[in-house]
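Visitor: Could you have a look at this structure, given as structure tokens, before my questions?
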Amino acid sequence: MSAKTADRIATAVIIAVSALIVLLLAGLLGYILFRGLPHISFHFLTSGPQTIKAGGGIGPQLFNSLFLLVLTLIITIPLGLGAGIYMSEYAKPGKLTDSIRLIVEVLSSFPSIVVGLFGLLVIVNVFGLGFSLFSGALALTVFNLPLMVRITEQALKGVPREQKEASLALGLSRWKTITSVMLPIAMPAIVTGTILASGRVFGEAAALLFTAGMSSPRLDFTNWNPLSPFSPLNPFRPAETLAVHIWKINSEGLAPDASQIAAGASAVLIIMVLIFNFSARWFGRFLHRRFTATK
């Protein structure tokens, strides 16, 4: 077999496999959206769920998912940025640094059910935080933190060495070089990776079953006191997220329209994840053009 023939066969196989994957993904997304979009309405997105009656919505669960995302990012971003800067600029090569990188890689591959059980034993019971949004945010930090560390480290290492050396040659300190020269250049990659990592919060259910809980108190959206147990802004209240709600409806839903609610909630979840992914890519390109003055 000639080299050209082998190249053509390999190219055809790669294209066929890629097309198959795209068709499977498009078919899955199309099936979920086809079943769920007819059930989405303003009432469905804003009203509360019903236990045994038809016509329930996903308003509290949708708000809980967004609020949990904000809490997770508040915890993850400072820790991830700090750890990534340390690993990239301050950590000396050696066994300790290699061990830290190994631990980060192991954390990123933990099954979500294991993280959930760890959160139940340590965060919920030992620390006494109970089933709450804050407990769920701490558990999800275990997922997002390793990815955030790796994204920050790789983004900083991607900064041209000449720019770093020029800054140091002008007399700037290492920290000033990192904050004023390196971080602005690496920021598009960091922001894009952060938003993509955040998309996992929407789809996570197993870890939140044991930390955030499977029910929500009846929320009063006119009560903005974060210390009130019925306030939507209270981070220490139990909270059922959208992904947990879908699992609960499919497994033990008693409402006559449970299948329609699950289909509509699944479509909303897919749309939110797609919006996050597309917005991450657009915002990353926008920041890259802004910081590098390219078109």
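Visitor: I'd like to know which of MET214, PRO49, SER18 lies farthest towards the positive end of the charge dipole of the chain, counting +1 on Cβ of Lys and Arg and -1 on Cβ of Asp and Glu.
Guide: After comparing all options, I get SER18.
Visitor: Report Rg (one decimal) and Dmax (nearest whole number) for the range 164-295, counting Cα atoms only, units Å.
Guide: Rg and Dmax of the range 164-295, Cα atoms, are 21.6, 71 Å.
Visitor: Then there's this: Applying the Karplus parametrisation 6.51 cos²θ - 1.76 cosθ + 1.60 with θ = phi - 60° to the phi angles of the range 70-80, what ³J(HN,Hα) value in whole Hz is obtained for each residue in order, glycine and proline being reported as x?
Guide: Taking θ as phi minus 60°, the curve returns 5, 4, 5, 5, 4, 7, 6, 4, x, 5, x Hz for the range 70-80.
Visitor: Something else now. From the phi of every residue in the range 117-126, what ³J(HN,Hα) in whole Hz does the Karplus formula 6.51 cos²θ - 1.76 cosθ + 1.60 yield, where θ is phi - 60° and glycine or proline is x?
Guide: Computed from phi, the couplings for the range 117-126 are 5, 4, x, 5, 6, 8, 6, 6, 8, 5 Hz.
Visitor: Another question about this same structure. Roughly how compact is the chain, stated as its Cα Rg over 2.2 N^0.38 Å to two decimals?
Guide: After normalising by residue count via 2.2 N^0.38 Å, the value is 1.20.
Visitor: Something else about it: Spelling out what I want: for every residue of the range 248-264, take phi, set θ = phi - 60°, compute 6.51 cos²θ - 1.76 cosθ + 1.60 (Karplus), and round to whole Hz; glycine and proline get x.
Guide: Working through the residues one at a time gives 5, 5, 6, 8, 9, x, 9, 5, x, 9, 4, 5, 5, 5, 5, 5, x Hz.
Visitor: Order of 60-67, 282-289 by packing, highest average Cβ count within 10 Å first?
Guide: Averaged packing, sorted descending, gives the order 60-67, 282-289.
Visitor: A further question follows. Once neighbouring chains are kept in place and the probe is 1.4 Å, which whole percent of the accessible area of the chain is contributed by carbon and sulfur?
Guide: C and S atoms contribute 70 percent here.
Visitor: Below 22 Å, Cα to Cα, which lysines can LYS95 reach? Residues fewer than 8 away in the same chain don't count.
Guide: Cross-link targets: LYS157.
Visitor: Also: When you count, for each residue, the other Cβ atoms within 10 Å and take the mean per peptide, how do 35-45, 113-123, 147-157, 187-197 rank with the highest first?
Guide: In descending order of packing, they fall as 147-157, 187-197, 113-123, 35-45.
Visitor: Going by alpha carbons, how many degrees (0 to 90, nearest 10) lie between the helix axis of 95-108 and the longest principal axis of the chain?
Guide: Computed tilt is about 30 degrees.
The values are calculated or read from the model by the stated rules, or taken from the named source; none is laboratory data. These numbers were taken from a predicted model, which means no experiment stands behind them. Ideal geometry is used to build each Cβ from the backbone, glycine not excepted, and the neighbour counts take in all protein chains shown. Accessible surface is based on the protein model in full, side chains and every heavy atom, while ligands, DNA and RNA are left aside. Shrake-Rupley method; radii C 1.70, N 1.55, O 1.52, S 1.80 Å.
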